[in-house]
Every structure is written in C-alpha cells, then in structure tokens.
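Participant: I'd like to ask you about the structure that follows.
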Amino acid sequence: MNDADTDGARAAELRAILDHHAYLYYVLDQPEIDDAEYDALYRELQALEAQRPDLRTPDSPTQRVGSAPLEKFAQVRHLEAMLSLANARDEDELLAWDQRNRRYLDGRGFDDVPLSYVVEPKIDGLAVSLTYRDGLFVVGATRGSGEVGEDVTANLRTIGALPLRLRGAHPPAVVEVRGEVYLPLAAFTRLNEARAAAGLPTFVNPRNSAAGSIRQLDPKLAAQRPLALWCYAIGHSEGLDLPDHHSALGWLRAQGFRVNPGIVVVDSIDAVAAACRAWEERRAGLDYDIDGAVVKVDSFALQTALGSVAHDPRWAIAFKFAPTTVITRLHSIEVNVGRTGVLTPFAVLEPVFVGGVTVERATLHNEDDIRRKDIRAGDDVTLQRAGDVIPQILGPVLDGWVDEDGRRAERSARHAALPEWRLPEACPACGSQVVRETDEVAVRCPNRSCPAQLVESIKHFVSKGAMDIDGLGEESVQLLYDRGFVRDVADLYSLREKKDSVVLLEGWSTKKKRVKDGRDVIEIAGTKQTDKVLAAIEESKQRPFAKVLFALGIRHVGAVTAQAIVDAFPSIDGLLAATADELAVVPGVGPVVAEAVTQHLADDHNRETLERLRAAGLRLVEEHPRRAGGALAGTTFVLTGKLASLTRGEAQALIEARGGRVSASVSKATDYVVAGEDPGSKLAKAQRLGVTVLDEDGFLGLLESSRVSGDDDSAPVQLDLA
Ligand code: IVH
C-alpha cells in the first residue's frame, strides 16, 4: 500500500471509529470512551483532512459543524407532505376515533379486520424531515406549511444523534425520515440561565428554544445548543418495502436513528388508552417535554385504506395531556392586601385551561419579581400549572413563539409599548400611604384598621387549622364585616346577641334550592343555618391555646411556631410578660419572630381584643403543656406575695421560658412556692405540706442557674416564616 492508500484507509477507519462512538454516546446513551479519547481521534482526522482535502467526505464527523453563516434559509418541498394530527382529549374521544376507523374500514373490504396500534410519546419539539439519498444525509427541513419547509440542513448536521450516513449495508435510493428536534430540559434550564446572565431575553419553553436554535442562520451558534432528536416515522421512500409502522421504527433504529425505547405495540383500544395514561404518568420524570401520546394504526395497508381528511391522517391521533404551560393574555395587575397588611400583586388573565383547570388569576409574588421578569399589563405571558401546584407566571412572551406545528406567532411589538408596572403608593383598600420596610421586599399598609386587613385576619381566624369554625366561609366573613356585625375577631363571640338581625343576612343564612322547572329559587333557611354557625362559634372556644395563638394571625407565627411558643409559655400572662429576648430562644422562634410577637402583644388594640377573647371564655392557658427541654421542665411553681424586682407575669414568663409551670394552688405536686412580701395562705399551706419555699433571692438564684442559653447546640432554627 502506498502512502495515499494508507491515508485513505486511516481516514476511513477514523470516520468509522468516531461514528461508532458518537452512536454509542448520542443514540444508545452508552459511551465507551471519554471525551478526551474521542477528541484525540477527532483531531487526528481533522489533521489528516487538512493535509489531504480530497479525503474529506460529506459524512465525515468533521463536517457536522463549520459551514458558513447563511443569508437566509432556502425552501424545500417535502417529497411527501408532513401531516398534522387530530386530537383526542380523553378515553371517550379515543374510542370514538377507533369506532369511526372501524366503520370506515368496514365499507372498504376490511370488515372486522383486527387492528394493532403503536403508542408513542408526543414529543413537544419541532418536526423535521431528513432526506437520505443512497444512504447519505442530503437535506434537512422544518415542517413549514407541511408542503414546503425551510432548509436547515447545516444546523441539523450539528446534532450528534443524527446519522450523516445510514448504517445499513443496502440503503434505499431515497428515504425521508421524520422526527422531532428538541432541547433536553436540563439544557434548556442551563441555556436560559446563561441568557439571563448575559442580559438576553430567555426562552418561553423548551420548544421555543429548540425552534430558535434550529433557525439560527449561523450553524456555529446552533452547534452550541445541545439539540437532541427522536425519530418516529418514514415519509416518502424509494427502495424500501416495510409492512407496518413498528417495522419502520425497527428499521430506523437499525439505521442509527434514535427511536424512543418506550414505544409500544398493542392490539386493543383499551390497551391503547392504558398506554397513553402510562405515558402521562411517566411525563414528569422525563428529561424532555411531551404533550401527549401519538396513536398510530400499525399496518401500512390499513393506513393507506384509511387515508386522511384535510391535513390529518385518519390512521393516527394525538392523545393530548392537560398542558402544564400555556400562553395567555395578562389583562391587568391588581393588588391584594393580606391580613398583616402586605400588598401582594396578582394577575388577572384571559381565562385558560392549563394543567386540568381553568385559570384566570395567578399570584405575582411582589414588585421586585414583576420587575425582574418584566411583566406588564397587556403582555402575552407564559402560565405554568403542573399537578396541584399554584399557577405561576413564568414571564412575558417577548419574541413571539412557535406553536406545536412549528408555526410562528409574532407578538414582539406589544411589550415595548406597554408601561412598566409599579406598586401603588396608596393602599387599594383604605388609601393609606404604603410603607416599604428596609431589608424587606414586602410593602405594607400601615393602617391597622384597614378594612382589607381586618377581613383577612377574620378569615384567617375562622379558617381550618386555626379556630376551624364550620359554616363560616370567606364569603360569610366578608358579608358579616360589610354589614357591620363583625369588625374584629372578638366580635364573633358576641354575634349570638345579634342573632335576630344576623338571621336575615342574605346569602349567609340562605341556601339555593333547585325546583322542578329548573329555575333556581332562594329558600330562606332561617334560624337553622344561623344556629349552626353560632353553635360552631361557641364550640370553637374549646380550641387549645396554641390554635388561638395561631389564629390571631401574628406575623411569622404559623401553627408550628405557635405550638412551640405555647410549649415554652403555656399561659397568656406569661407570654404577655415575656421579652423578645426570652422568646427568641424558644426552639423555632428566633429574633425576627420574637420581635413580631412582642410587637403584636404590646399593641393596645390587640391587647383589648385578647382581653375580650379571654372574657368570652377562649382558652388562653395550656393546662398540659408539652414539656420542652428547659432546665425547669417538669417543675411546678406557685407564686404568692409581691416580688420587689418582678411582676407576677414576668416571674411566670421566666419560669415558663425554662420549661417550668406556674400553678394557682399549692398541692403535694408543687415543687416550689415563691413567697414575696405579704404572702397569703399559700405559704402556710406549703409549710404544712413540706413544699420548698423560696424567697425572692432564692428564686432569682434558681432562675440564674437555670438560665436559658441561646448559643448551645440546640440553637433555635427559624421555622414557619409564613
Ligand atoms: S407523527 C401523520 N409522531 O406532532 C403523523 N408526530 O401535530 C404526523 N409529534 O408535527 C406526525 N411526536 O411535530 C408523530 N411520535 C410522534 C410525534 C409527533 C411529536 C409532533 C410532530 C407533528 C405534530 C402533529
């Protein structure tokens, strides 16, 4: 062999080796060599081709990237039209499709023919057609109109999973391979992060990013986007004779195409439905988006007999899943005032069906978030709702978008003309000037009597998890407030006195009843309903102290934190006397929560409400506190007489903060009686029972030695910052 022959042989060998490893890596996902080894072989081939350009073949791995930027895309006429798919939204529509097909076939010589079906994932990417002539990849095109698409060959060549040459020994003269180009979800996230960091607009969804990438005029840019490819059909072919769709998929796999391994062949429509639902279940765990399953009649003879209507074949149907993201119009941004006065913007949307429900409102979190995403009233926005997750607006659609059949919708001009959104300076409920606290994104209405705050705090008070008052829903609370019956939570407990007028409240004490002729009539339920609610309010007085504390709606105090506070301070008097420092060491509390609690309790109006709740008979003491691990855990004190340095409440707080308990009367179970000046009969009883008596110094000494430390291993963690 001469040198030329050796070079040629080595180049062919390198192409084969590199091809083999690209196939293992991209198609089978089973690499056998690492990147460095691959790169070394690749560079060897590159060097060889640089020396001997005549050895450079169009299917050489070096030819995937590198062609010059295009001016524009050429048009390509598909040899066979690229069809779209009709949809089935549920099992009934799937069944109806199958029955239509059977009826259609019955009249055409295929009476009672047994049917097999192939069920595939419906990849949410961009459809492409790849033409191979004599085994060589020659043209790749987008779907376009279905008849004519754009020539994106150069960009498609950069996709590692796309064979530049078919692997089979006897390639057909011509074959159009159909598939879906997509961007894997992880790559999509990385791409958007990089774009955001560079100040570029981010992509709305993976499909848009795949579409944007495949339509890059510079193939070098497309090469930087790690596009992937699933192939799922054959279009026009010459020199191929295959009986059915599943054989075609097998053939594609053998030629080196990536064919989804989860595709199944089944032989009843029930099994089809089950396979579709199985795909829906797998959906969340995939690293690519699917928006449904595609069902295809397997036999090509039957496909031909069935034919198509307009652009949709009768022999295939898309079983659509509920979308998890959609694009809709944001009509306006409104502001809600919460029970702690925080202003929260929310979106009023053109109603859309997403993730199985119709959504017309979505929270927008806060002003900073809206600015960061640059969401403006009037924008088209991407809305996401997956599973039971609260609907979220991901962002405005800035560059137009690509629909599932690859058609572009341009909307870019609108956004720039819309005004940027700003939070109002005045509370939308009461008109007070809002305040933005330093170190906080939250903006709040400072007016404690702001009607929105009052109504929200009553709603919270009666809600499940708090006082859990049955029959008092959000609407009833609003109604009772609007009519002036309930202005704060304590008013609930004097509602009984106003019963006669409350009974007449339209909407609260009435219920709808459907009569025979189909019209709705309103029947006054009268006292019965009212009695029920009043009984539920009465019953709520039995809620334990921790529930009451949570129900008060103190900032940052969720149910867990309320319980932790009650564990440490089992009585309201102890809690009222506690300082922020003492509270801050309660597990799960910490300085921020402690400050919020002491501030709330120091407020005159809140104190008054508490006293009214106490007078109404609510439980503001926990008789059986869960023993927290304080130094005085399990220790019972009785206080008698007046202490010089502490009030009764302060003494109680100090004891409770250490896990101890204060009881009203002396018994054998009492551990210590603390006797101040002018002690009463309790001292005598203690002496009689032999209970240890502490004077003020002794008591202070005990407190000192059982100090609550804030810096031990069990340092408090901030929990529950609701
Ligand atoms: S078959 C006549 N199979 O869905 C058959 N299409 O609305 C038409 N798609 O444009 C295509 N996954 O982009 C087929 N497994 C799959 C598919 C699939 C995704 C897309 C394709 C097509 C659209 C039809």
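Participant: Got at least one residue in the range 230-241 being open to solvent by 30 Å² or more (accessible area, probe 1.4 Å), outside any loop (DSSP other than H, G, I, E, B) and of a type in the set (Gly, Ala, Ser)?
Facilitator: Yes - at least one qualifying residue is present in the range 230-241.
Participant: I need the full set of residues from the range 337-377 which are open to solvent by less than 10 Å² (accessible area, probe 1.4 Å) and farther than 30 Å from residue 488 by Cβ, in order please.
Facilitator: Once the filter is applied, which keeps residues that are open to solvent by less than 10 Å² (accessible area, probe 1.4 Å) and farther than 30 Å from residue 488 by Cβ, the range 337-377 yields 347, 349, 354, 359, 362, 370, 375.
Residue by residue, here is whether (1) part of a helix (DSSP H, G or I); (2) closer than 27 Å to residue 259 by Cα holds:
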site: 9; (1), (2): yes, no
site: 16; (1), (2): yes, yes
site: 19; (1), (2): yes, yes
site: 29; (1), (2): no, yes
site: 44; (1), (2): yes, no
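Participant: Give just the number: which of (1) open to solvent by 40 Å² or more (accessible area, probe 1.4 Å); (2) modelled with pLDDT under 90 does residue 535 not satisfy?
Facilitator: Condition not satisfied by residue 535: (2).
Participant: Quickly run through the range 612-649 and pick out the residues that are of a type in the set (Val, Ile, Thr) and open to solvent by 70 Å² or more (accessible area, probe 1.4 Å).
Facilitator: Selection gives 647 alone.
Participant: For the range 180-207: of the residues being in a helix (DSSP H, G or I), of a type in the set (A, V, I, L, M, F, W, C) and farther than 18 Å from residue 229 by Cα, which is most open to solvent (accessible area, probe 1.4 Å)?
Facilitator: 197
Participant: Also, quick follow-up: Could you pull out the residue among 210, 275 that is in contact with a Leu (Cβ under 7 Å, 6 or more places away or on another chain) and buried (at least 18 other Cβ atoms within 10 Å of the Cβ)?
Facilitator: Numbers: 275 fails: in contact with a Leu (Cβ under 7 Å, 6 or more places away or on another chain).
Answer to the check: 210.
Participant: Next up: Taking the stated definitions as given, is residue 674 open to solvent by less than 70 Å² (accessible area, probe 1.4 Å), at pLDDT below 90 and in a strand (DSSP E or B)? Walk me through it before giving the result.
Facilitator: Working: open to solvent by less than 70 Å² (accessible area, probe 1.4 Å): yes; at pLDDT below 90: no; in a strand (DSSP E or B): yes.
In short, no.
Participant: Please tell me if residue 55 is free of Cβ contacts under 8 Å to residues at least 40 places away in the same chain, in contact with a helix residue (DSSP H, G or I) (Cβ under 6 Å, 6 or more places away or on another chain) and open to solvent by less than 60 Å² (accessible area, probe 1.4 Å). Even if it seems obvious, please write down each step before you answer.
Facilitator: Working: free of Cβ contacts under 8 Å to residues at least 40 places away in the same chain: no; in contact with a helix residue (DSSP H, G or I) (Cβ under 6 Å, 6 or more places away or on another chain): yes; open to solvent by less than 60 Å² (accessible area, probe 1.4 Å): yes.
So residue 55 fails the test.
Participant: From the list 652, 563, 599, exactly one residue is part of a helix (DSSP H, G or I), open to solvent by 20 Å² or more (accessible area, probe 1.4 Å), among the polar types (S, T, N, Q) and closer than 25 Å to residue 685 by Cβ. Which is it?
Facilitator: 652
Participant: Further question: Would you tally the residues in the range 379-391 being at pLDDT 70 or above and either open to solvent by 70 Å² or more (accessible area, probe 1.4 Å) or over 20 Å from residue 201 (Cβ atoms) (or both)?
Facilitator: Looking only at that region, the number is 3.
Participant: Out of the residues in the range 76-93 meeting the condition of being more than 16 Å from the ligand (Cβ to nearest atom) and under 41 Å from the mean Cα position of the chain (by Cα), tell me which one is most open to solvent (accessible area, probe 1.4 Å).
Facilitator: 92
Participant: Oh, and also: Any idea which residue in the range 98-136 is farthest from residue 246 (Cα to Cα), counting only those that are aromatic (Phe, Trp, Tyr) and open to solvent by 10 Å² or more (accessible area, probe 1.4 Å)?
Facilitator: The residue in question is 104.
Participant: Within the set of pairs 6+ apart or on separate chains, which have a first residue in the range 142-165 that is under 12 Å from residue 83 (Cα atoms), a second that is open to solvent by 10 Å² or more (accessible area, probe 1.4 Å) and more than 15 Å from the ligand (Cβ to nearest atom), and C-beta atoms under 9 Å apart?
Facilitator: Short answer, once both residue conditions are applied: 144/75; 144/76; 147/77; 148/75; 148/76; 148/77.
Participant: Is it true that residue 169 is in a loop (DSSP other than H, G, I, E, B), without any contact (Cβ under 8 Å) to a residue 60 or more places away in the chain and more than 16 Å from the ligand (Cβ to nearest atom)? Lay out the reasoning, then the answer.
Facilitator: Working: in a loop (DSSP other than H, G, I, E, B): yes; without any contact (Cβ under 8 Å) to a residue 60 or more places away in the chain: yes; more than 16 Å from the ligand (Cβ to nearest atom): yes.
Against the criterion (in a loop (DSSP other than H, G, I, E, B), without any contact (Cβ under 8 Å) to a residue 60 or more places away in the chain and more than 16 Å from the ligand (Cβ to nearest atom)), residue 169 qualifies.
The values are calculated or read from the model by the stated rules, or taken from the named source; none is laboratory data. What you see is a predicted model; the values in this text were computed from it and never measured. Ideal geometry is used to build each Cβ from the backbone, glycine not excepted, and the neighbour counts take in all protein chains shown. Areas reflect the complete protein model, heavy atoms only, side chains present, ligands, DNA and RNA absent. Shrake-Rupley method; radii C 1.70, N 1.55, O 1.52, S 1.80 Å.
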